[in-house]
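Notes for the one structure printed next.
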């Protein structure tokens, strides 16, 4: 299963645009969900599930078990939008509270052993400094999560970002056919 995470307000992905909608789970992060409270119950008490019983309760499992994750986010001062960042914050349960050493760094161990990758598509007006800040952030996000970073794309607006996602899916299908 693949995961599309997005914050597009002026229209959602219904799945009708996808030729194989069953292969993608679509999560619109613009929902009524509380931010992470930092209690670590998802690690220590609930074994992978958030304390809050809202739509992001299973965010860790959803993010950590998807083979490929495509993230569409508005640029916010060199970072991800608040709704997308909130989803990532609530997904900490995708890792374990134990540590491992890798390439001279300390990282949390992964809860699920699935080879994963990310593609980020960031939309909105950006400066070069914001782009470089975001690139550094998502690279570290992938390193910390043990994921491959396939690409970071930049789009002018949300509709262009959506079109880039649809183009990405078509390219992936062509690669699989070869």
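Derivation of every value follows stated rules applied to the coordinates shown; laboratory data play no part. Since we're looking at a predicted model, the values are computed, not measured. Here the Cβ positions follow ideal geometry from the backbone for every residue, glycine too, while neighbour counts run over all protein chains shown.
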Folded to 0 to 90 degrees: helix 158-177 orientation relative to the chain principal axis, Cα: 80 degrees
Expected max-MSF residue from 108, 167, 68 in the GNM of the chain (alpha carbon, under 10 Å) is 167
Given the C-alpha atoms of the stretch 10-103, compute the convex hull and give its volume per residue in Å³. 146 Å³
Two pseudo-spin positions, 7 Å from Cα along C-beta at residue 156 and at residue 117, lie apart in nanometres by 2.9 nm
Linear extension gain, residue 47 paired with residue 127, 0.36 nm per residue minus alpha-carbon span: 24.7 nm
Relative counts (whole %) of C-alpha pair distances in the stretch 51-131, using bins that are 10 Å wide: 16, 39, 34, 11
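Given 0.36 nm per residue, what is the gain on full extension from residue 23 to residue 143 after removing their alpha carbon distance, in nm? Please list the in-between numbers first.
On the way: separation 120, 0.36 × 120 = 43.20 nm, distance 2.51 nm.
So the chain would gain 40.7 nm between residue 23 and residue 143.
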Could you give the angle, 0 to 90 degrees to the nearest 10, between helix 128-145's Cα long axis and the longest principal axis of the Cα atoms of the chain? 50 degrees
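Order by neighbour count: 61, 140, 90, fewest other Cβ atoms within 10 Å first, most last.
If I rank by nearby Cβ atoms, fewest first, I get 140, 61, 90.
What does the C-alpha gyration tensor say about the overall shape of the stretch 2-177? Classify as rounded when a/c is under 1.5, otherwise prolate if a/b is larger than b/c, or oblate.
On the way: a/c = 1.41, a/b = 1.36, b/c = 1.04.
Rounded is the answer for the stretch 2-177, as its axis ratio a/c remains below 1.5.
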Globularity ratio of the stretch 92-178, using Cα Rg and 2.2 N^0.38 Å: 1.31
The stretch 2-177, relative contact order [Cα under 8 Å, separation at least 6], %: 21 percent
Quick one: work out the % antiparallel among DSSP beta bridges in the stretch 2-177, nearest 5. 20 percent
